[in-house]
Amino acid sequence: MIPKSRGGPTSVVIYDIHALQERFYFGDDVLPCFETGIPLLLQRLRQLPDAENITIAFPDDGAWKRFHKLLQHFPMIVCNKVREGDKRIVRIKEGNPEGRHVVIVDDLVQSGGTLRECQKVLASHGASKVSAYVTPCCVP
Ligand SMILES: O=P(O)(O)OC[C@H]1O[C@H](OP(=O)(O)OP(=O)(O)O)[C@H](O)[C@@H]1O
């Protein structure tokens, strides 16, 4: 329960909301404001000693659609992901990780299976280092 503030509805800032319909979760006493954490990621990437060797990877089309415009000055890798029961099968659809520090950007981590499988496929195609950035993180 979020109490109303003295000035009216309380503002709640949500970073990288997973599904836009989740904004209707709040009642009239809450004013949700939508932001993205990508500027923080960009700031961090600029500080890295290998900033010139960064490639961004999206584990699936959903992540690509959401974030690619904000990261378009980096080389990119787009993957395909299919779920089979509890398994996630990730394949590279376009882009080349060879010799690159690849930063996976996704819109959610839940079990970590997608990140793990994505890391494996990037490493097996020659990525020199794999990191990940995800804003909403549901820790079971
Ligand atoms: O950490 P995990 O348990 O692997 O879950 C995280 C993944 O789940 C969602 O994708 P989903 O396969 O549901 O497809 P979507 O992109 O259409 O949401 C989300 O986009 C992540 O890629």
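A few remarks follow.
- Screening Leu20, Leu31 for residues that are aliphatic (A, V, I, L, M), more than 16 Å from the ligand (Cβ to nearest atom) and modelled with pLDDT under 95 leaves exactly one candidate, Leu31.
- Ser128 satisfies every condition listed in (1) touching a Cys at 6+ places or on another chain (Cβ under 9 Å); (2) of a type in the set (S, T, N, Q); (3) away from the ligand (no atom under 11 Å from the Cβ) except (1).
- Conditions (1) within 17 Å of the chain's Cα centre (by Cα); (2) surrounded by fewer than 11 Cβ atoms within 10 Å (Cβ to Cβ); number of the one not met by Phe58: (2)
- Contact map, the range 115-133: first residue without any contact (Cβ under 8 Å) to a residue 12 or more places away in the chain, second residue not in a strand (DSSP E or B), Cβ cut-off under 7 Å, separation 6 or more or different chains; the map is empty.
- For Ala57, the criteria (1) in contact (Cβ under 8 Å) with a residue 60 or more places away in the chain; (2) out of contact with any Cys (no Cβ under 8 Å at 6 or more places or on another chain) hold in every case but one, which is (2).
- Tally of residues being assigned to a loop (DSSP other than H, G, I, E, B) and under 28 Å from the mean Cα position of the chain (by Cα) across the range 2-21: 5
- Within the range 80-90, being near the ligand (Cβ under 10 Å from one of its atoms) and touching a Lys or Arg at 6+ places or on another chain (Cβ under 7 Å) holds for Lys81, Arg88, Val90.
The values are calculated or read from the model by the stated rules, or taken from the named source; none is laboratory data. Values in this document were obtained by computation on a predicted structure and should not be read as measured data. No Cβ is skipped: glycine too gets one built from the backbone with ideal geometry, and neighbour counts run over all protein chains shown.
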